[in-house]
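For reference, the structure is listed below as structure tokens.
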Amino acid sequence: MNNFYDSQKTNVIFGKDTHKTVGEEIKKYGNRCLIVHDGGSYLTKILEDVRASLDANGISYYELGDVKPNPRLSYCKECIEKVHQEPVDFILAVGGGSVMDTAKFIAVQANMKESLFVNRDIFTPDPVIPHGVISTLGGTGSEQSLCAMVVDDSLEVPEKVGLYNLGFFFDFAIINPEFAYTLPPKMMACGAMDIMSHCWEVYFAPINGNEIMEGYFEAIVKAVLKEGLVAKEEPTNYDARANLNLAAIMAMSNTKPAAGEMGDWVCHHMENPITVTFKRTHGEILSIITDAWVKYAWKSNPAKFVRWAVNCMGARLYDNQEDTVMEGLRNLEDWQKRMGLPTRLSDIGIKAEDCKICAENAMKISGTGKAGAYSGYDVDMVMEVYKLAE
């Protein structure tokens, strides 16, 4: 087991009506707040409650409400200019992963002298603006992680970049599972797929001697498979929604018992360029890429893939390892289809031959010149996965 350091910064406030206490939480940091959101109609009642809580606690505020999926660097810079013009004591994200990552980036970059895209140090000494979130979509796990995903749209071909900084940790995360009741089924399904992918990116990394971590991720995946189907059939089932929200932060939280293991992230590295290039949803492309990757990669670590098939996907244990793994994959594909997720690029009108630029961009995301911190896929290997995904 690797050495590791674990420090908990984010206070998680979980449950019904917890968002109505946000003014009391922000009051601990100051009297002026920036609210960041995406302007969606689903936020109408939530924002009314937030404003009422801020008003009741004597907190002034203004809003920036035009965050788009896969947040753009250009928009983040516009927000930072606004913060420079109208300084705040606190930044509050109200929304899902893209909104959270936008707020994180603003909070850290606003007082930095150089760009986060240049200074990739894990921590910046510059003052970080205190920031928190009212989460409306569980999936990315951004509520309790040190990562922010931002698209650098200053490039001729925009690139989605994973930034890591201890300053990104929220001071608090308010999670009310009731907010998910009105989520479109596709968004819920994409979030569920994202949770499982976060688990597997670490699960399949070459870790030895950490039975607790492996069992931890298996338990999260089994819960997501079960509760995702329940939430699809019963959108207002509170326990199902609560379990999905909890699974999201457990999969990405700094508390995850990965014992110093950052994971491989090869599926995310192959997925991100397709999501940005074709303007798709993160979870749906992960659904497609994960299936193809299992076919491509299982022989490189057959024992772990057999364990995955049996313990995560409910496959029977056959004498032939491939039979076990492929039954696990079929079970995953069956779940994806029941959830309304695509399993092939052709399902969403994309051809593998159109993804060559995506394969080239996948080389840049990890910072190593290869896709996957451990897998080390080159362009040709990524294209093989894309072909299997078609």
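The values are calculated or read from the model by the stated rules, or taken from the named source; none is laboratory data. Not measured: the values here are computed from a predicted model. Glycine gets a Cβ as well: all are built from the backbone with ideal geometry, and neighbour counts include every protein chain shown. Heads up: the accessible areas ignore ligands, DNA and RNA and are worked out on the full protein's heavy atoms, side chains in. Shrake-Rupley method; radii C 1.70, N 1.55, O 1.52, S 1.80 Å.
Exactly which chymotrypsin sites (Phe, Trp or Tyr not before Pro) in segment 20-67 are in a DSSP loop and have at most 14 other Cβ atoms within 10 Å?
Answer in residue order: no site qualifies.
State the cysteines of the chain left without a partner when partners are defined as other cysteines whose beta carbon lies under 4.7 Å away.
33, 76, 79, 147, 190, 199, 267, 312
Can you find, among 275, 176, 108, the residue sitting farthest towards the positive end of the charge dipole of the chain, where Lys and Arg contribute +1 and Asp and Glu -1 at Cβ?
Going by the Cα projections, it comes out as 176.
To the nearest 10 square angstrom, how much accessible area does residue 270 have with a 1.4 angstrom probe?
0 Å²
Within the set of other residues whose C-beta is less than 14 Å from the C-beta of residue 186, count the net charge using Lys and Arg as +1 and Asp and Glu as -1.
Neighbour charge sum, excluding residue 186 itself: +1.
Tell me whether segment 10-119 comes out rounded, prolate or oblate; compute the Cα gyration tensor, take square roots of the eigenvalues as a ≥ b ≥ c, and use a/c under 1.5 as the rounded threshold.
Prolate shape, in that a/c is at least 1.5 and a/b is the bigger ratio.
If you roll a 1.4 Å probe over the heavy atoms of the protein chains, what accessible area per residue do you get for segment 272-390, in Å²?
Heavy-atom SASA per residue in segment 272-390 reads 44 Å².
Among rounded, prolate and oblate, which fits segment 300-365 when a ≥ b ≥ c are the square roots of the eigenvalues of its C-alpha gyration tensor, a/c under 1.5 means rounded, and a/b larger than b/c means prolate?
The shape class here is oblate.
For the chain, with the dipole built from +1 on Lys and Arg beta-carbon atoms and -1 on Asp and Glu ones, taken about the Cα centre, which of 67, 237, 343 lies farthest toward the positive end?
My answer, from the dipole projection, is 237.
Give the carbon-plus-sulfur fraction of the accessible surface of the chain in %, rounded to a whole number; probe 1.4 Å, heavy atoms of protein chains only.
51 percent
Taking all pairs of distinct Cα atoms, average 1/r, flip it, and tell me the Kirkwood hydrodynamic radius of the chain in Å to one decimal place.
Result for the chain stands at 21.3 Å.
Just need the relative contact order of the chain here, percent rounded to a whole number, with Cα pairs under 8 Å and 6+ apart.
Relative contact order comes out at 15 percent.
Would you mind counting up the charge near residue 89? Only other residues with Cβ under 13 Å from its Cβ, with Lys and Arg at +1 and Asp and Glu at -1.
Net of charged neighbours comes to 0.
Under the rule a/c < 1.5 gives rounded, and otherwise a/b versus b/c splits prolate from oblate, where does segment 252-351 land using the Cα gyration tensor?
oblate
With Cβ to Cβ distances under 14 Å as the rule, what net charge do the other residues near residue 326 carry (K, R +1; D, E -1)?
-3
Putting +1 on Lys and Arg Cβ atoms and -1 on Asp and Glu Cβ atoms, find which of 44, 33, 14 reaches farthest to the positive end of the dipole of segment 1-125.
Most positive-ward Cα: 14.
Rounded to the nearest 500, what is the chain's calculated 222 nm mean residue ellipticity when only DSSP H runs of at least 4 contribute -39500 (n - 2.57) each, over all residues?
Value at 222 nm, helices only, nearest 500: -14000 deg cm²/dmol.
What is the Å³ per residue value for the convex hull set by the Cα atoms of segment 63-161?
Looking at segment 63-161, the number lands at 103 Å³ per residue.
What is segment 263-319's relative contact order, in percent, from Cα pairs under 8 angstrom and six or more apart in sequence?
This gives 23 percent for segment 263-319.
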